[in-house]
Amino acid sequence: MSIRIRTASLFRPPAWGDCTVIKESRSLVEDFNRRGVLRGGLTLGALTLLTGCDVSENESVQNGLRAVSSWNDGVQAAIFRPNHLAPTFSPSQVVKPPRFNAYYDIEEVKPIDGATWKLELAGLIKNKRPWTAQQIYELPEQELIIRHICVEGWDYIGQWSGPNLRAFLTGIGADLTARYVYFICNDDFTESIDMPSALHPQTILATKYAGAVLTDPFGYPLRLRTAVKLGYKNAKWIRAIEVTNTFRPTFWSKQGENWFAGI
Amino acid sequence: MECANRMRVASSALALTAAMNLASPAAAPTLVSADNRLVVLAQAMVPPTGMMDTQHPMPMNERYLKRFPQDARVGDLIGLPVLDLSSSTLGYVQQVVRTPAGEIKFIVKYSGWWGWFGRLVAVPLEALGLEGRQLVSLDMPPSEYAAAPIWHGTEVTPLPADATVRVALARN
């Protein structure tokens with residue numbers, strides 16, 4: 001058996017350039033876990049595309065990454081089809097129970113007392129009276145059996161039901177020409193989506209999973225469920241909704257995650 | 001998991017430092033006396049869930065209950081992979097059984113070769129966490145799988161596919 005001699009790639013640079021960026025990113029690489037690899041990989045990968053920038057300058061790198069993320073947001077918004085439906089699936093494919101995820105571990109979930117919980121409303125809304133869980137349960141339900149896609153690389157088929165968000169916003173006199181719908185959650189998580197995504201036919205305020213009331217780890221009593229965003233945009237344990245034209249950074253966007261996150 | 005340990009230690013250290021730097025009652029509403037200051041310091045040193053206290057480890061059943069057990073159909077659990085905390089496959093679920101003592105055990109075909117060519121071992125329900133279409137061995141490390149006796153399945157009742165068990169959740 002002959003021994004194959006490995007030759008250097010034709011695209012290998014004749015000499016390495018400034019290795020400062022590798023040293024500065026060493027901590028990202030050494031702190032190795034799946035999420036870290038995704039974040040670290042994104043940073044290192046994006047650095048290779050920063051032409052004309054001094055990649056050893058962190059502020060320049062961050063500005064470059066933010067610019068790319070904003071560009072991504074704009075492109076995704078431009079190609080978004082407001083009436084195009086995501087694929088749906090059969091009940092036999094639904095994963096029960098669904099997969100839990102949050103920015104903390106399962107043991108740190110803090111259940112909400114549904115008897116005293118109220119959904120607060122704010123911003124460009126005519127009727128801002130708070131809603132109890134029971135009042136929301138009495139609204140007409142829409143069922144979605146769709147694929148939940150996580151930015152971490154996993155997915156599952158889930159079955160959610162609850163009032164359609166467009167119908168809810170219309171009923172409370174929300175300004176449907178506003179730019180954002182902002183969600184504030186009980187665990188201080190915040191998220192917002194663009195109005196066209198909020199008005200998409202497959203965006204609901206979910207109160208149930210697989211026909212049963214949501215349980216504590218999955219956002220009881222109210223969560224967002226949209227077929228047109230990545231999983232982390234689907235806020236759980238919602239306690240307030242605001243309709244606004246003012247963009248405020250959200251939990252994940254402050255940490256560099258893409259804000260639009262369309263699928 | 002090591003990263004999570006470092007983060008917990010770091011967060012406890014930060015809490016301790018913050019507590020030690022509290023200078024006025026306005027900054028710390030509970031800090032009104034030297035005794036209360038000691039209470040704040042002590043509280044800052046307790047891990048959030050008490051689950052990492054190696055001096056007084058929380059019993060496995062208590063840890064299981066803190067992970068919000070959910071109903072899961074036995075038929076949906078058969079065939080699922082069981083992963084260790086590094087997301088390496090330990091084996092695949094073959095059966096779910098009830099012992100004469102009433103304990104629920106998952107019979108896993110365990111192998112040190114990512115689930116291939118394995119032998120049957122019994123894993124307590126309380127040691128596992130469910131992550132969608134996979135299980136994580138939260139409280140039974142790979143060394144215990146390697147040391148576990150071969151499961152022979154005597155005097156147990158296999159649960160039927162449409163039976164329901166309460167499985168803890170995991171986020172690994």
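Read-outs: derived from the displayed coordinates by stated rules, not from any lab. Nothing here was measured: the structure is a model prediction, and the numbers come from that model. When we count neighbours, we look across all protein chains shown, and the Cβ atoms used for this are built from the backbone with ideal geometry, even at glycine.
Once you have a ≥ b ≥ c as the square roots of the Cα gyration tensor eigenvalues for segment A:91-255, tell me rounded if a/c is under 1.5, and otherwise prolate or oblate according to whether a/b is larger than b/c. Verdict is rounded for segment A:91-255. Placing a pseudo-label 7 Å from each Cα along the Cα-to-Cβ vector at A:Ile263 and A:Asn72 gives an inter-label distance of 1.5 nm. Note on B:Asp76/A:Gln134: beta-carbon distance plugged into 1/(1 + (r/R0)^6) with R0 of 30 Å gives a FRET efficiency of 0.45. Shielding value for B:132-141 is 2, the average number of Cβ atoms from other chains within 10 Å of each residue's Cβ. Near the amide H of A:Lys229, within less than 5 Å, lie the amide hydrogens of A:Ile263, all on another chain or at least 5 residues away, with H placed in the peptide plane.
Each residue, A:Arg248 and B:Trp116, gets one label point 7 Å from its Cα in the Cβ direction; the gap between the two is 5.4 nm. Were the residues from A:Asp113 through A:Phe80 laid out at 0.36 nm apart, the gain over their Cα-Cα distance would be 8.2 nm. What the Cβ-Cβ distance of A:Ile172 and B:Glu155 gives, at R0 = 51 Å and to the nearest 0.05, is a FRET efficiency of 0.25. The chymotrypsin sites (Phe, Trp or Tyr not before Pro) of segment B:55-119 meeting both criteria, a DSSP state outside H, G, I, E and B (loop) and at most 14 other C-beta atoms within 10 angstrom of the site's C-beta, are B:Trp114, B:Phe117. Annotation: lysines with alpha-carbon distance below 24 angstrom to A:Lys126 (same-chain offsets under eight excluded): A:Lys118.
A cut-off under 12 angstrom between Cβ atoms defines the neighbours of B:Ala146, and their net charge, with Lys, Arg +1 and Asp, Glu -1, is -1. Net charge in the neighbourhood of A:Leu224 (other residues with Cβ under 9 Å of its Cβ; Lys, Arg +1, Asp, Glu -1) is +4.
Positive contributions from Lys and Arg (+1) and negative ones from Asp and Glu (-1), summed over other residues with Cβ under 13 Å from the Cβ of A:Ile146, come out at +1.
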